[in-house]
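Undergrad: Structure in structure tokens, see below.
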Amino acid sequence: VSQPDALLLEWSENYNQRRDRVVDFYSALPVNALETELGSAERDEGIRCVLTGFSGAARLAPMVRYTRIMAYFQGNLDQLADRLDLKRVSSGANARIVVPGDDGVFYGARDFDGVSVASPIQVYLDLRIQPGRGEEAATTLLERVIRPRWERRA
């Protein structure tokens with residue numbers, strides 16, 4: 001790829017989650033404890049779960065505080081909700097669980113202290129569509145993590 005930045009920008013401008021099922025939850029657990037519990041559930045239950053958005057960026061290139069986790073999940077959502085004591089809500093959510101329309105979101109995931117995180121490219125795409133400081137966090141991820149990897153391969 002001769003112009004990876006341009007390709008990634010074009011991809012992000014056309015990226016959407018229309019095929020995904022998004023479910024918002026509330027948990028009494030603090031964000032970091034909830035993310036740790038997701039990692040435990042992934043190992044114990046044999047499910048697929050990867051952090052993305054601000055949750056993923058916090059491990060890859062931390063730069064903002066966040067109050068709502070975001071994770072892709074593949075498995076029995078009701079069992080996960082029971083295990084983590086998650087309550088489905090229409091407002092006031094602090095956990096967004098996304099059941100992806102395809103398995104591509106799990107490609108290139110890595111473990112960070114017992115919690116799986118989506119690939120930097122996936123996290124970047126998800127940040128770009130986040131309101132608030134999503135675009136700023138995406139740019140930081142691009143500059144600190146993604147571009148340096150491209151430069152090492154050049």
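The values are calculated or read from the model by the stated rules, or taken from the named source; none is laboratory data. Remember, it's a predicted structure, so these values are computed and weren't measured experimentally. Cβ atoms come from the backbone with ideal geometry, glycine included; neighbour counts cover every protein chain shown. Each accessible area value is taken on the protein alone, full model and side chains, heavy atoms only, with ligands, DNA and RNA left out. Shrake-Rupley method; radii C 1.70, N 1.55, O 1.52, S 1.80 Å.
Undergrad: What net charge is computed for the residues neighbouring VAL105, neighbours being all others with C-beta under 12 Å from the C-beta of VAL105, Lys and Arg scored +1, Asp and Glu -1?
TA: -2
Undergrad: Sort out for me the Cα centre separation of the stretch 1-28 from the stretch 125-142, rounded to whole Å.
TA: 10 Å
Undergrad: Further, regarding this structure: Please give the residues of the stretch 71-96, grouped as numeric ranges, whose backbone N is less than 14 Å from a label point set 7 Å along the Cα-to-Cβ vector of ALA33.
TA: 84-86
Undergrad: With every protein chain present, what accessible area does LEU127 have (1.4 Å probe, heavy atoms only), rounded to the nearest 10 Å²?
TA: Counting only protein heavy atoms, the figure is 0 Å².
Undergrad: If you place +1 on the Cβ of every Lys and Arg and -1 on the Cβ of every Asp and Glu, how big does the dipole about the Cα centre of the stretch 9-154 come out, in debye to the nearest 20? Spell out each step's value before the answer.
TA: Values: 20 positive and 21 negative charges, 67 e Å.
Using only the charged Cβ atoms, the result is roughly 320 debye.
Undergrad: Still on this structure: Cβ neighbours within 10 Å, averaged per peptide: list 102-109, 137-144, 7-14, 119-126 in order, most packed at the top.
TA: Values: 102-109: 14.6, 137-144: 19.6, 7-14: 13.0, 119-126: 23.4.
Per-residue mean Cβ counts within 10 Å order the peptides as 119-126, 137-144, 102-109, 7-14.
Undergrad: For ARG83 and GLU135 in one chain, what is 0.36 nm times their gap in residues minus the Cα-Cα distance, to one decimal in nm? Show your work: numbers first, answer last.
TA: Values: separation 52, 0.36 × 52 = 18.72 nm, distance 3.28 nm.
The span from ARG83 to GLU135 would gain 15.4 nm if fully extended.
Undergrad: To continue, here is another question. Using a probe of 1.4 angstrom, how much of the accessible area of the chain is carbon and sulfur, in percent?
TA: Details: 3900 of 8500 Å².
Roughly 46 percent of what the probe reaches on the chain is carbon or sulfur.
Undergrad: Give the accessible area for PHE54 in Å² (nearest 10); use a 1.4 Å probe, count only protein heavy atoms, and leave out ligands, DNA and RNA.
TA: Accessible area, nearest 10 Å²: 40 Å².
Undergrad: Return the Rg/Rh value of the chain, two decimal places, where both radii are evaluated on C-alpha atoms and Rh is the Kirkwood radius.
TA: Rg/Rh: 0.96.
Undergrad: Between PHE112 and ARG65, what is the label-point separation in nm under the 7 Å Cα-to-beta-carbon projection?
TA: That separation, rounded to one decimal, is 1.8 nm.
Undergrad: Here is a further query. Residue farthest toward the positive end of the dipole of the stretch 46-124, with Cβ of Lys/Arg at +1 and Asp/Glu at -1: which of GLY104, PRO120, GLN79?
TA: Farthest towards the positive end: PRO120.
Undergrad: Could you state the accessible area per residue of the stretch 1-115 in Å², with a 1.4 Å probe and every protein chain left in place?
TA: On the way: 6500 Å² over 115 residues.
Heavy-atom SASA per residue in the stretch 1-115 reads 57 Å².
Undergrad: Which shape class, rounded, prolate or oblate, goes with the stretch 1-91 when its Cα gyration tensor gives a ≥ b ≥ c as root eigenvalues, a/c under 1.5 marks rounded, and past that a/b bigger than b/c marks prolate? Write out the running numbers ahead of the final one.
TA: Values: a/c = 1.95, a/b = 1.74, b/c = 1.12.
Prolate, because a/c is 1.5 or more and a/b exceeds b/c.
Undergrad: Right, something else. With a cap of 10 neighbouring Cβ atoms within 10 Å, and only residues DSSP puts in a loop, list the trypsin sites (Lys or Arg not before Pro) found in the stretch 1-100. Mind showing how you got there, number by number?
TA: Values: sites: ARG18, ARG19, ARG21, ARG43, ARG48, ARG59, ARG65, ARG68, ARG83, LYS87, ARG88, ARG96; in loops: ARG18, ARG19, ARG65, ARG68.
Answer in residue order: ARG18, ARG19, ARG65.
Undergrad: If you don't mind, another one. Using label points projected 7 Å from each Cα along Cα→Cβ, tell me how many nm separate ARG18 and ARG96, to one decimal.
TA: According to this spin-label approximation, the distance is 1.8 nm.
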